[in-house]
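The values are calculated or read from the model by the stated rules, or taken from the named source; none is laboratory data. Because the structure is predicted, anything quoted here is derived from the model rather than measured. Here the Cβ positions follow ideal geometry from the backbone for every residue, glycine too, while neighbour counts run over all protein chains shown.
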Amino acid sequence: MDIYARKSVTRKGARNTELSINQQIADGIAWGERNGYRPRFVWVDNGISGSKDVHRPGYDAGLGALGAGVTRCLWCYKLDRFSRKGALAVLTIMDRLEGRRIFFGADGLDTSRPGDRRMIMWRAEDAKEFSDQLSERVGDTWRHSKDAGFWLAARVPYGLRKSTKTRKLKIDSSPAIPGQVDGQTKADVVRRIFRECENGMTGPKVAQGLNADGIPSPGGRKWTPTHIYKILKHPAYIGFQPSSDWDDREDPIHRDSKGKRVRVGEAVVTEAQQKRARAKITGRTALLGVRPTKKGVRSIPRSRLAGLLFCAGCGYVMIKQGMSYSCRHKLRAVGCTNPASVLAEAAELIVFEAWVSRLVASEPDDALIEAVAARWLASNRPEVIADRKALQDRVDNAKAALEDLVAARYKRKEFDGPAGEFYPGLLAEAEVELKAAQKALKAVPERSGDIGCLLDSVLVCEAWDHAPVEKQRELLGLALDGVCVRRKFAAGRTQVTPDRFHYAWAGAPRVIEPEQPKTKKGKKPKKKAAAAQFAKAA
């Protein structure tokens, strides 16, 4: 005979009532001696669930030996130790055991006895039902605690600590270097990481500086870029509950059943700081990856119009090389029949003057001004945009649910017959949810950004002259989605004129007609889809 023993994962704080592996094996050996069996091998699965679709090496090996005829009997302490997948899983195994048997010791059930077959099926279903109920209760408790803003993970993010009373996160003011009371705290180190990344330092450089100062990492060893990237993205540092698998999600913040972001404690940095620091890092490296997507600081844009200029001939981004912005296909000599090229100094001046003129000439209720204000808020006050968007999503979902319910009643006829008595109650619930969502959205006032300085030509020109290149590019991006540059067809050096530039302003439809090349008399130029490609690329 072979013996199979299994013990599940013990949940923290739960009372462990399962028989240990050694006790199960001892019972199996004693049963074998009483029934004339010699124990051949013991198969063990320790800390593995019997209800989930996970690989159980001991279980598979034990059944394999029994199926191959290596052993004639497989002993298991109890049926719920053998499987919690229900009667069908056990019945499938029983039908293949001709001349062999599985004996469940504590249950006294034997698969070779026809009278035990029905009882085995019942016990298997009982084990599955208990497992499902336990899983549901644990899941409900976990979701409720997470929606309430309690910190549930065993480990607390570096720079934060968990309050034993409230189960919320607080700022950790303990020394970053053990024993150095007057030095930086762990929270100060987190703020330093965000500040240095926001100022343009790379993850490896930040880690190198922390190691040079003798500050131990969260694990007590050396800092690595991965530590930096995880801190930059973790929502707990801005006071929000992280979602499951937060490091793989674009939006790592947990939302409750109503779509609202859940707070988990005190914030170490503001959401705007986190967004700016992440933007600097993600521009040149994978946020949670070890290997950067591009090497060194070469990937940092150094030109004012990087990512804003597009070639009218092919619709793709123009690249600055030397003193000019040029179509990237021109540099490769493939893919564009009318590649554009323009002097960088002249292009930057023309685009800036058009940008200033357009903003100053705009009325307060212009769609461009509204788009600029919204982008300014998204960059400097992202929490305002996120909260309002969550409430708007809740309203949209409630409207969609109500519309679907009405369609089910009158179009799809799903409530004809006995099901019709449930329709009034479901309709009332849907209407209550919609009214509650609309009331919550109405209670949040519309926030607006103060962009008055951008509408004064004198102030904006002074700010432009003193701003770094990166800030200038950010300012242009508030009002511009892109600038389409046409190729010049005159030979030799000619002056760069504004008519070669066509702008895609924020909040306005993109209607761009690229310049067509001159052709011989009597022949029509070929049409190109540069406008559509530009719109897609921008």
For Gly64: the one exception among (1) at pLDDT 80 or above; (2) surrounded by fewer than 12 Cβ atoms within 10 Å (Cβ to Cβ); (3) more than 26 Å from Val42 (Cα to Cα):
(3)
Where residues in the stretch 433-447 are surrounded by 13 or more Cβ atoms within 10 Å (Cβ to Cβ) and either modelled with pLDDT under 80 or of a type outside the set (A, V, I, L, M, F, W, C) (or both), which of them is nearest to Arg375 (Cα to Cα)?
Arg447
Residue check for Gly159: surrounded by fewer than 17 Cβ atoms within 10 Å (Cβ to Cβ) and at pLDDT 85 or above
no
Condition met for Gly50 (surrounded by 12 or more Cβ atoms within 10 Å (Cβ to Cβ), touching a strand residue (DSSP E or B) at 6+ places or on another chain (Cβ under 8 Å), at pLDDT 85 or above and among the small types (Gly, Ala, Ser)):
no
With in a loop (DSSP other than H, G, I, E, B) and buried (at least 16 other Cβ atoms within 10 Å of the Cβ) as the only criterion, which of Asp107, Asp188 stands out?
Asp107
Which listed residue is closer than 20 Å to His227 by Cβ, among the acidic types (Asp, Glu), touching a Gly at 6+ places or on another chain (Cβ under 7 Å) and not assigned by TED's automatic domain parsing to the domain that holds Met94, from Asp172, Asp213:
Asp172
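Yes/no per residue for (1) surrounded by 13 or more Cβ atoms within 10 Å (Cβ to Cβ); (2) touching a residue at least 12 places away in the same chain (Cβ under 8 Å); (3) part of a helix (DSSP H, G or I):
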{"site": "Ser362", "(1), (2), (3)": "yes, yes, no"}
{"site": "Ala371", "(1), (2), (3)": "yes, yes, yes"}
{"site": "Gln392", "(1), (2), (3)": "yes, yes, yes"}
{"site": "Ala400", "(1), (2), (3)": "no, no, yes"}
{"site": "Arg412", "(1), (2), (3)": "no, no, no"}
{"site": "Tyr423", "(1), (2), (3)": "yes, yes, yes"}
{"site": "Glu431", "(1), (2), (3)": "yes, yes, yes"}
Cβ-Cβ under 6 Å, sequence separation 6+ or interchain: first residue in the stretch 193-205 and in contact (Cβ under 8 Å) with a residue 40 or more places away in the chain, partner assigned to a loop (DSSP other than H, G, I, E, B) and hydrophobic (A, V, I, L, M, F, W, C). Which pairs?
Phe194/Val269
